[in-house]
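Visitor: This is the structure I want to talk about, given as structure tokens.
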Amino acid sequence: MRILIVSKHFPKKQSAWALGVFKRFKMFVDAIKDIADIDLLYYVPRGVNTSSSAVLKQERVLSNFFETPIRLFLCQRSDNRTTITKMWNYALGTFIFCQQPAYSGVTGTKQVQAFEACLRYNPDAVFVHRLGAMCPLFRARRAPIPPVFFDLDDIEHVALRRGIRYLPKTSSRLLSYLMLPALFWGQYRSVRLSHRTFVCSEIDRKYLTKRYRLKGVVIIPNAVKIPEEQPLAPEPTLLFIGSYSFKPNLDAAKFLIKQIWPLVHQKIPNSTLIIAGSHPDRISSDDLGTQGVRFTGFVEDLDGLYRQSRVVCAPILSGGGTRVKIIEAAAYCKPVVSTVIGAEGIEMHDGYGIFLRDDPKSFAEACIRLLSDHEFCEHMGAAARAAIISKYDQKNIKPMIQEYITIPKIGENKS
């Protein structure tokens with residue numbers, strides 16, 4: 001069997017694989033490589049070298065990384081950076097989701113032709129990584145397209161709707177509201193086109209199947225390789241980790257630094273807040289100088305980072321899907337304090353490995369209790385790890401993926 005994988009999430013740097021979206025992608029590739037040969041079509045940002053020699057070099061890198069032969073194809077996205085192009089895409093995006101700025105870079109003639117060229121190798125199936133990579137399938141003229149397996153991951157219109165209120169400009173909020181119906185319809189069509197659609201949680205599956213009567217939607221949770229259990233960190237240290245080029249993480253970091261951390265630090269003056277992850281420069285200069293806060297930038301040694309952290313925070317205010325950062329922290333035996341949205345879809349119960357708190361005061365109080373009570377913190381960390389091992393161990397998820405990615409017989413209905 002041969003499977004064509006299509007994605008617009010290209011890892012420009014090796015460090016990108018530390019992000020949740022890439023970890024989930026690798027989990028699928030690791031499962032697929034045992035049952036099929038892989039062709040991989042990446043839609044890459046402009047400026048990425050797509051010459052034959054560059055493709056061959058990148059092909060070797062990815063083949064080594066995934067530990068399987070990869071036949072690689074690279075196609076640059078359309079250039080949508082001009083003011084006129086952006087305005088045109090916003091206008092059309094209110095009617096056609098593929099023209100929305102987040103997706104229009106893969107809808108041009110060149111991008112569709114790249115997908116059609118890959119189909120000439122006669123793949124038995126197409127695996128589409130997230131909603132943006134669906135656009136070339138809708139525009140393709142080469143028919144028929146093989147059975148499609150679609151990792152929706154986040155329900156994009158829900159994530160957009162939640163994030164609108166945090167946009168700084170009224171005009172941006174209005175444009176986003178106008179694009180919601182087209183985004184929903186594009187997502188609906190994508191699920192209808194696919195033989196199987198993968199989501200992260202039972203909440204998302206029910207949302208699509210019960211509310212909109214969509215078929216073929218199944219759960220593939222975000223999962224991690226279970227690391228060695230870690231002892232309680234000696235210092236009262238909180239950790240928040242994420243890429244701050246992603247707006248929900250940026251908003252969460254600001255919320256944590258401005259509204260939660262002062263309450264914690266006032267009660268425990270020797271405590272430290274670690275803000276880890278790439279692009280910390282996007283956090284305002286005022287926040288960068290907050291007492292007791294340490295910014296690390298990207299950290300390659302996750303074991304070491306978690307070893308020095310007693311409690312992990314996830315004060316997420318918007319977005320969708322499930323957060324790998326919470327699953328990963330719990331696997332390291334770290335108790336978590338999160339907002340309800342931050343922990344949405346993760347099968348952990350409030351008070352058992354995790355505290356769910358939305359307002360700054362109660363969020364800070366939960367952090368203070370965990371930082372102050374060593375025995376209780378150890379108990380919560382052990383509970384968090386036990387919950388993750390039972391539900392989110394990657395070695396148990398791989399067979400689930402392989403079971404779902406099977407070529408349907410002619411006339412077989414989705415279920």
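Visitor: Could you tell me whether region 43-56 includes any residue that is under 23 Å from LYS395 (Cα atoms) and outside any helix (DSSP H, G or I)?
Guide: no
Visitor: Does region 352-398 hold any residues that are free of Cβ contacts under 8 Å to residues at least 60 places away in the same chain, more than 23 Å from ILE260 (Cα to Cα) and not acidic (Asp, Glu), and which are they?
Guide: Scanning region 352-398 gives HIS379, ALA382, ALA383, ALA386, ALA387, SER390.
A quick yes/no check of all residues on (1) buried (at least 21 other Cβ atoms within 10 Å of the Cβ); (2) modelled with pLDDT of 95 or more; (3) touching a strand residue (DSSP E or B) at 6+ places or on another chain (Cβ under 7 Å):
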site: GLY320; (1), (2), (3): yes, no, no
site: CYS333; (1), (2), (3): yes, yes, no
site: PHE355; (1), (2), (3): yes, yes, yes
site: ASP359; (1), (2), (3): no, yes, no
site: GLU365; (1), (2), (3): no, yes, no
site: ALA382; (1), (2), (3): no, yes, no
site: SER415; (1), (2), (3): no, no, no
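Visitor: Quick one: in region 30-51, which of the residues that are of a type in the set (A, V, I, L, M, F, W, C) and over 23 Å from the mean Cα position of the chain (by Cα) is surrounded by the fewest Cβ atoms within 10 Å (Cβ to Cβ)?
Guide: Filtering first and then ranking leaves ILE35.
Visitor: Considering only region 361-415, state which residues are of a type in the set (Ser, Thr, Tyr) and either assigned to a helix (DSSP H, G or I) or farther than 28 Å from LYS26 by Cα (or both).
Guide: Within region 361-415, SER362, SER372, SER390, TYR404 qualify.
Visitor: Specify which of the listed residues (VAL21, VAL6, VAL61) is of a type in the set (A, V, I, L, M), in a helix (DSSP H, G or I) and modelled with pLDDT of 95 or more.
Guide: Just one listed residue meets the conditions, VAL61.
Visitor: Has region 139-159 got any residue that is in a helix (DSSP H, G or I), out of contact with any Gly (no Cβ under 8 Å at 6 or more places or on another chain) and under 30 Å from ASN122 (Cα atoms)?
Guide: yes
Visitor: Do you know which of the residues in region 64-90 that are surrounded by fewer than 13 Cβ atoms within 10 Å (Cβ to Cβ) and modelled with pLDDT under 90 is farthest from the chain's Cα centre (by Cα)?
Guide: Ranking the qualifying residues of region 64-90, first place goes to ILE84.
Visitor: Within region 193-213, which residues are surrounded by fewer than 16 Cβ atoms within 10 Å (Cβ to Cβ) and assigned to a loop (DSSP other than H, G, I, E, B)?
Guide: Within region 193-213, TYR212, ARG213 qualify.
The values are calculated or read from the model by the stated rules, or taken from the named source; none is laboratory data. Since this is a predicted model, take the numbers as computed values, not measurements. Here the Cβ is made from the backbone with ideal geometry for all residues, glycine too, and neighbour counts use every protein chain on show.
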